[in-house]
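None of the figures in this text is laboratory data; all of them are computed from the coordinates on show. Because the structure is predicted, anything quoted here is derived from the model rather than measured. Cβ: placed from backbone, ideal geometry, glycine included. Neighbour counts: every protein chain shown.
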Amino acid sequence: MRRMSQNPPNLRPDLARAHVPDERREGQPTIGMVSLGCPKALVDSERILTRLRAEGYAISPDYKGADAVIVNTCGFLDSAKAESLDAIGEALRENGRVIVTGCLGAEPDYITGAHPKVLAVTGPHQYESVLDAVHTAVPPAPDPFIDLLPASGVTLTPRHYSYLKISEGCNHKCKFCIIPDMRGRLVSRPAHAILREAEKLVEAGVKELLVISQDTSAYGVDRKHDLSPWKGGEVRAHIIDLARELGRLGAGGELWVRLHYVYPYPHVRDLVPLMAEGLILPYLDIPFQHAHPDTLKRMARPAAAAKTLDEIAAWRRDCPDITLRSTFIVGYPGETEEEFQTLLDWLDEAQLDRVGCFQYENVKGARSNDLPDHVAPEVKQERWDRFMEKAQAISEAKLAAKVGRTMRVIVDEVDEEGATCRTMADAPEIDGNLFIDEGFEGLAPGDFVTVTVDEAGEYDLWGRVD
């Protein structure tokens, strides 16, 4: 059987360039976009491009066809900052007229110190400032009879799935994280506004909604879970109510709703019945970060790993098909060999389906920088290798158990070699794929299809159409 490329879990900042089917009219001002970082930044990029299209700008898929380029940066880790600076430098070399926004924009001196020729620097989700900078660099010249915005706006993801951002900011004070400093405290969108956006996306052909925020399970806390008018009744600004209403937008199972970044509050257990009913996907993306109570305490995170195992057991009891994804940090300041071994033992017991792992990095402004007993780089690398070896073995065993099973998948891409699909257990970009090598000729992106799994790898599956 021919092998298609495998897709191991990889949570490094991604890079997306806008591909907008658009005939540029003569003299139309044109903007390019490079979007780095997490899906939340991708949503910001989509909003910026949608506003620009509404003002009559064309969107260019490359540097050379653009009058200016916006680089939406990531500033969470030092490695991500370096990647952002590289992207800015590349845009300057290829185009020369560059506007910088996003999380790294919170440190303008850091950017201009490396790249003094950038036209402007704005911070995260400062949409009006970005537009002002574009207007200054490339004045708008709309033709009201030609420049009409598509109803669904501009997207940086394939047409059949879309990220749905439900809030900004975060109320946690984890010592390794500076997101609350960059993006502020939790600010939730009104429930009816989210549902209206979701409804428009579904009407435009979206088959999968990826619900994102910094802390999805805290949605609505800042609004005191207020009520919004919706469909002749009211809906509460609470993740349980929101998830239920989102699930109801899909008729006959033709919509997948996937939750990301779900902090393990007790009320998360109330989401599981919605998964068992099929209203939302049986998929929980929960950032556990570590398992040893002392490490969690130094991180300023709840130290309840044992209780977490009990919760996981309860989730699986109530929804046996649930997929659990998480991320962890190894080599956190003060992490001893005993603490790391506790993490490995916990992973053995938890048997998570999808796992990502970072080696700890100092981040400018993070309180963890000042902690004692930083772990040597070679020790961090050795622990990361051991962690990923165990996680990979768990993933391989879990996927092997799926051989022979029949499951529903969504098609992401079709070429002359085969179809690349995802199961309910796979989020785009960060999880695995299911590949169809034969009988795929009639498939198209966004199709749901039933397959039987006939082979498994470390992270991916292969199957045949039933």
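Among the DSSP beta bridges whose two residues both lie in region 157-286, what percent are antiparallel, rounded to the nearest 5? Please list the in-between numbers first.
Details: 6 of 16 bridges.
So the antiparallel bridges in region 157-286 amount to around 40 percent.
For the chain, what is the charge dipole size about the Cα centre, in debye to the nearest 20, if Lys and Arg each add +1 at the Cβ and Asp and Glu each add -1 at the Cβ? Walk me through the numbers on the way to the answer.
Details: 53 positive and 74 negative charges, 266 e Å.
That gives the chain a dipole magnitude of about 1280 debye.
If R0 equals 45 Å, the separation of the Cβ atoms of Gln341 and Asp181 corresponds to a calculated FRET efficiency of about 0.85. When the alpha carbon gyration tensor of the chain is reduced to an equivalent ellipsoid, its three semi-axes come out at 34, 29, 23 angstrom, largest first. In this simple spin-label model, placing a label point 7 Å from the Cα along the Cα-to-Cβ direction at both Asn369 and Glu438 gives a separation of 5.8 nm. Applying a threshold of 18 Å to the alpha-carbon distances of Lys40/Lys165; Lys207/Lys402; Lys173/Lys297; Lys175/Lys297; Lys165/Lys364; Lys81/Lys380 flags Lys207/Lys402; Lys165/Lys364; Lys81/Lys380 as lying beyond it.
Remind me, what semi-axes does region 40-132 give for its equivalent ellipsoid, largest first in whole Å, using sqrt of 5 times each Cα gyration tensor eigenvalue? Its equivalent ellipsoid spans semi-axes of 20, 16, 11 Å. Each residue of region 309-322 was assigned a 3J(HN,Hα) from its phi angle through the Karplus curve 6.51 cos²θ - 1.76 cosθ + 1.60 (θ = phi - 60°); the sequence is 4, 5, 4, 4, 4, 5, 4, 5, 5, 7, 8, x, 8, 5 Hz, with glycine and proline shown as x.
Distances between placed amide hydrogens fall under 5 Å for Lys207 paired with Tyr161, all partners being 5 or more residues away or on another chain. Helical runs (DSSP H, four residues minimum) scored at -39500 (n - 2.57) apiece and divided by the length of the chain put the mean residue ellipticity at 222 nm at -9500 deg cm²/dmol. What Kirkwood hydrodynamic radius, in Å, does region 406-465 give when the mean of 1/r is taken over all pairs of distinct Cα atoms and then inverted? Computed over Cα pairs of region 406-465, the Kirkwood hydrodynamic radius comes out at 11.1 Å.
Does region 326-466 classify as rounded, prolate or oblate by the C-alpha gyration tensor (a ≥ b ≥ c root eigenvalues; a/c under 1.5 gives rounded; else a/b over b/c gives prolate, otherwise oblate)? Could you put the intermediate results ahead of the total?
On the way: a/c = 3.60, a/b = 2.31, b/c = 1.56.
Cα axes put region 326-466 in the prolate bin.
When cysteine pairs in the chain are screened for C-beta atoms closer than 4.7 angstrom, the residues that find no partner are Cys38, Cys74, Cys103, Cys170, Cys319, Cys357, Cys421.
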